[in-house]
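Novice: Here it is, the structure in full.
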Amino acid sequence: MPEPLPDPSGRAPASGRGTGRWADALLAAEVLTVGGAALGGIHVRARCGPVLDRWLAALKRMQPPGAAVQRVAATVTADALDGGLDLSQTLTLGRPVRNAGVLARADGGLLVLAMAERTQATVSGILAGTLDTGKSGCGAPACFTLVALDEGADADEGLPEAIADRLCLRLPLETVSLGETDDADTPIERPHSDIDWRKVVVPEALLDALVGAADATATRSMRRALALVRVTRIVAALEDSAQAEPRHAATALRLVFGLAPSAEDVHDDATETEEPSCEERSDASDPPPQDAAADAPDSRDTDTDPPEGEREIDPAALQDMLIAVLAAQKLDPSLLAIGAGERKAGGGAGKSGAEQNGSQRGRTIGVTSRPANAALRPNVAATLRAAAPWQHLRRRAHAATGGGPSRPIHVTPSDFRYLRRRHRTETTAIFAVDASGSTAFDRLGEAKGAIELLLADCYVRRDQIALIAFRGREAELLLEPTRSLVRAKRSLTGLPGGGPTPLADGMRRSLELAVQIRRKGQTPLIVLFTDGRGNITLDGSADRVVAQDEAVRLARQGAALGVKTLVIDIGRRSRDGARTLAETMNADYRVLPRADAAAVSTLVSTYMRGA
Amino acid sequence: MSPPFPFSAIVGQDELKDALLLAAVDPSLGGVLVFGDRGTGKSTAVRALAALLPDIKAREGCAFNCDPARPSDICPTCGDAARKGAKANRPAIVKRRTPVVDLPLGATEDRVCGTLDLEKALTTGEKAFEPGLLARAHRGFLYIDEVNLLEDHLVDLLLDVAASGTNVVEREGLSVRHPARFVLVGSGNPEEGELRPQLLDRFGLSLDVSAPRDIQQRVEVIRRREAYDKNPDGFVADWAARDAKITARIRKSAAMLARMETPTPVFELAATLCLRLGVDGLRGELTLIRAARARAALAGKREPGTADVVAVAPMALRHRLRRDPLDEAGSAARVERAVDEVSFGVAGHA
């Protein structure tokens with residue numbers, strides 16, 4: 001047996017390479033190679049860079065020779081995915097020439113989806129359907145493993161759930177430093193196993209535990225549980241073990257949920273005999289192994305003894321382990337700094353403007369001879385109409401040059417005409433609400449009412465709403481951009497109010513969110529409910545002067561970003577605070593001391609239509 | 001390509017399975033809308049249904065799925081032109097699977113409703129119509145995953161065709177109309193956005209699904225899926241008998257439906273319920289009664305009873321209630337409340 005791994009005992013690939021995050025990444029690549037299309041694919045969170053390149057190279061080296069590797073950007077068009085008639089070839093050759101779509105060409109290999117965080121609903125719908133059925137839109141076989149490279153900068157931005165849910169593996173490569181990838185230069189061969197992973201036995205209790213563990217996470221999707229079981233099998237098969245064991249399950253948990261190996265895991269892998277002491281056993285169905293295990297847990301030979309695999313673990317213990325690791329992961333969603341966002345926003349803004357007219361979707365607004373983008377297909381009727389006047393001349397020219405058999409119609413690429421389309425870009429209204437002080441309750445009530453009224457109307461225009469409330473020490477994003485009334489109601493119930501006013505932080509969060517929204521190609525609109533008097537600084541200390549200073553600075557930044565803003569003055573007696581702020585921010589200013597939900601809703605609605 | 005997961009092997013999700021069977025028995029019900037979280041078996045159930053629907057008859061090579069008894073005029077295989085030709089040359093009538101067509105979110109208008117045949121136009125200069133997805137779905141099912149994310153102009157198009165049963169194409173110098181009667185099945189996740197009320201209303205039945213809560217049930221789901229993955233053909237063969245039974249039941253029920261009488265109390269109950277809930281229009285009542293009849297047929301009963309109406313009321317009505325942003329209870333709960341009140345009243349008077 002060609003053993004690719006430099007491990008003398010022939011045991012876990014992970015332990016053979018060490019137990020770091022890079023080893024896990026390589027293990028994920030192996031699991032992916034073995035599982036193939038049955039796993040759907042892998043969701044890699046990483047920025048472009050040498051770490052990602054090395055990982056991809058390793059993955060490619062593991063693929064069987066001749067396997068297709070297709071790379072597309074998430075901005076790919078539906079036509080390119082599914083394939084179709086190659087127009088210029090068809091015209092030149094005078095017979096239909098089809099080009100296979102990217103999906104069909106990736107059949108039996110890898111499909112690398114770059115910039116996956118930019119995937120549009122359309123593309124994600126097509127990909128999800130293909131992952132489900134193994135067939136592309138036009139019925140060609142398309143069984144591939146999707147490698148989604150998600151460069152999302154923060155927790156709010158990422159691969160669409162429709163795809164992410166269908167990919168069994170997660171890999172957070174962003175946390176791996178280049179130094180950790182040292183052994184990437186060692187040759188990596190194709191993972192090999194004598195055992196068919198589908199035939200690996202998963203003991204009942206372990207199955208229960210795995211399903212329970214998947215349940216304990218936030219998602220209720222059955223696909224997570226399925227992924228866990230499949231990956232457990234593959235991990236076991238890679239170790240040439242015919243039966244899945246708890247440690248395989250623990251590895252699978254890491255790979256499926258994209259968790260970093262904890263200190264405990266490392267310990268487990270290194271000293272196998274310690275394992276029984278940290279995992280409780282449940283009452284097993286067959287008493288002998290249980291008794292043996294209970295009598296002398298530490299004396300058992302973990303490497304050779306077949307009943308080893310029958311040792312059970314308590315579902316609760318596995319779940320606890322998962323929850324512990326999940327909780328440890330919660331800490332890092334790094335917030336994007338305004339400075340970094342500014343640069344990107346410039347590019348994003350231009351793109352969103354261009355998208356409005358050069359769209360491939362939406363209503364037709366005319367015909368042009370120049371396509372707005374390379375992927376646009378010519379419109380046949382318009383093309384033929386353009387070609388019609390030339391037919392006589394061309395036929396003569398064709399006959400004169402003796403260019404082959406006569407054709408009924410002569411069309412050249414210069415005749416191509418394209419439809420111009422326009423579709424509305426979506427607007428997202430960000431409500432930033434001052435929830436401090438005595439007016440908090442009323443204000444929040446109004447904002448909530450306005451949001452619900454707006455959302456009840458939003459499905460018509462496909463607009464979205466977000467809510468940020470600021471009170472106490474900092475601002476909080478209470479409602480992520482959504483057009484779902486269901487979701488809004490869920491997050492808006494039981495909203496607290498009162499305390500001092502961290503106006504600057506509220507503005508900062510709003511601007512950050514606006515930048516994010518812009519990057520998605522949508523138009524943000526900030527609706528700021530405030531009296532313009534903040535008294536908490538960005539770092540959470542109470543200093544009115546500094547706080548005001550920061551607010552003014554952020555207002556200038558807002559003006560520089562050019563985000564459309566509406567300041568609603570909610571002060572009981574209108575003072576200059578909010579007005580000055582609005583002027584600095586280049587924002588529109590309204591005084592609504594007794595705003596009711598309906599009035600706010602109407603006002604914002606007008607702005608959203610205009611935005 | 002492995003066969004789809006067997007319908008009868010789907011664990012739980014009884015409401016979903018019932019609704020799909022009702023729609024299969026009575027295609028005039030107007031389709032099924034399934035809302036729910038990801039990974040709850042929505043797509044699996046719809047794709048499984050495709051495998052067990054009874055076959056339909058059509059002429060060989062017909063791209064429009066024409067009913068041989070009532071062919072569409074523009075169909076080159078069975079239409080007028082072919083009929084005038086020699087009888088012997090007409091293609092034979094064959095059985096084919098009931099079509100279940102996926103409508104991908106990114107589909108272009110051309111692809112959905114059909115367009116000028118590019119190939120023929122460019123190579124031979126002939127003006128021919130290339131049927132789209134709507135023609136392919138005729139007499140079958142049209143499935144839209146993530147229906148709430150569907151482009152507005154496609155929604156408009158679907159609304160029109162679903163209402164009239166005819167696809168009218170007036171574009172690129174073509175003027176074509178062909179029948180397109182299909183059962184619309186949509187699925188989606190409500191957290192990603194709402195559906196336009198106009199489209200919502202076109203769906204006959206609507207339901208919310210969630211993954212099973214019971215751990216044993218969840219384990220069973222995984223176990224069956226694993227067995228299926230290991231040996232798809234063997235697994236499907238194991239369940240084939242049960243699937244065949246459902247197929248037979250659908251066929252028998254559809255035949256029974258044609259001669260089914262509907263007793264007056266059923267009409268009265270349906271009307272009372274709709275009045276009580278303030279459902280706009282008559283579509284609600286119509287769907288309610290049709291669904292009750294389909295349910296009775298599936299159960300092998302000769303005529304529907306009030307119990308059938310009560311059983312289908314939530315799925316037939318919940319998406320037709322007026323939206324009330326301030327009512328925290330789900331609309332299903334409101335329907336059930338009304339059913340309780342009304343059916344108690346009916347029973348009391350009887």
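Just so you know, all these numbers are worked out from the coordinates, no wet-lab data involved. Worth saying up front: this structure is predicted, and the values here are computed from it rather than measured. A quick note on method: Cβ atoms are made from the backbone with ideal geometry, for glycine too, and the neighbour counts reach across all protein chains shown.
Novice: Between 0 and 90 degrees, rounded to the nearest ten: what's the tilt of helix B:331-349 against the longest Cα principal axis of chain B?
Specialist: 60
Novice: Could I ask something else about it? For the residues A:Met608, A:Met507, what sequence is obtained by ranking on other C-beta atoms within 10 Å, fewest first?
Specialist: Ascending number of Cβ neighbours within 10 Å: A:Met608, A:Met507.
Novice: Roughly what would the spin-label model give for B:Ile215 and A:Ala399, points 7 Å off Cα along C-beta, in nm?
Specialist: Distance between the two pseudo-spin positions: 8.5 nm.
Novice: Treat the count of other C-beta atoms within 10 Å as a stand-in for reagent exposure and order A:Ser541, B:Ser253 from fewest to most.
Specialist: The fewest-first ordering by Cβ neighbours comes to A:Ser541, B:Ser253.
Novice: Counting only residues 5 or more places away or on other chains, whose amide H sits under 5 Å from the amide H of B:Leu116 once H atoms are built in the peptide plane?
Specialist: B:Glu130
Novice: A follow-up question, please. Using 0.36 nm per residue of separation minus the Cα-Cα distance, give me the extension gain between A:Ala598 and A:Glu474 in nm, one decimal.
Specialist: Difference between extended and current length: 41.8 nm.
Novice: Within 10 Å, at most 10 other Cβ atoms, and a DSSP state outside H, G, I, E, B define an exposed site. Report the longest part of chain B free of exposed GluC sites (Glu not before Pro).
Specialist: After excluding every exposed loop site, the longest remaining stretch is B:1-260.
Novice: Calculated FRET efficiency, B:Ser8 and A:Ser414, Cβ-Cβ r, R0 56 Å, to nearest 0.05?
Specialist: After rounding to 0.05, the efficiency reads 0.40.
Novice: Let me know the Rg and Dmax you get for chain B when you use only its Cα atoms, in Å.
Specialist: 21.6, 74
Novice: Next up: Which angle from 0 to 90°, rounded to the nearest 10, does the C-alpha axis of helix B:306-317 make with the longest principal axis of chain B?
Specialist: 60
Novice: Using amide H atoms built 1.01 Å from N in the peptide plane, name the residues 5+ places from B:Val183, or on other chains, whose amide H lies under 5 Å from its own.
Specialist: B:Gly140, B:Phe141, B:Leu142
Novice: I need A:Arg394, B:Arg59 ordered by Cβ neighbour count within 10 Å, fewest first.
Specialist: Result, fewest neighbours first: A:Arg394, B:Arg59.
Novice: Compute the long axis of helix B:152-164 from its Cα atoms, compare it with the longest principal axis of the Cα atoms of chain B, and write down the angle in degrees, 0 to 90, nearest 10.
Specialist: Roughly 90 degrees between the two axes.
Novice: Can you compute 3J(HN,Hα) from phi for each residue in the stretch B:214-221, using the Karplus curve 6.51 cos²θ - 1.76 cosθ + 1.60 with θ = phi - 60°, rounded to whole Hz and x for Gly and Pro?
Specialist: 7, 4, 5, 5, 5, 4, 5, 4
Novice: Of the candidates B:Leu157, B:Leu134, B:Leu53, which one comes out as most mobile in a Gaussian network treatment of chain B with C-alpha springs shorter than 10 Å?
Specialist: Most flexible of the set in this elastic network: B:Leu157.
Novice: Fully extended, how many nm does the chain gain between A:Thr75 and A:Asp132 (0.36 nm per residue separation, minus their Cα-Cα distance)?
Specialist: 18.4 nm
Novice: While we're here: From the phi of every residue in the stretch B:6-19, what ³J(HN,Hα) in whole Hz does the Karplus formula 6.51 cos²θ - 1.76 cosθ + 1.60 yield, where θ is phi - 60° and glycine or proline is x?
Specialist: Here the 3J(HN,Hα) series is x, 4, 6, 8, 6, 7, x, 6, 4, 5, 4, 5, 4, 4 Hz.
Novice: Report, by chain and number, residues whose modeled amide H sits under 5 Å from the one on A:Ala475, excluding near sequence neighbours (fewer than 5 apart, same chain).
Specialist: Result for A:Ala475 returns A:Gly506.
Novice: Under a crude label model (7 Å from the Cα following the beta-carbon direction), how far is A:Glu180 from B:Ala163 in nanometres?
Specialist: With each label point 7 Å from Cα toward Cβ, the separation is 5.8 nm.
Novice: Once both labels are modelled 7 Å past Cα along the beta-carbon direction, what's the B:Ala92-B:Lys245 spacing in nm?
Specialist: So the label points at B:Ala92 and B:Lys245 sit 3.4 nm apart.
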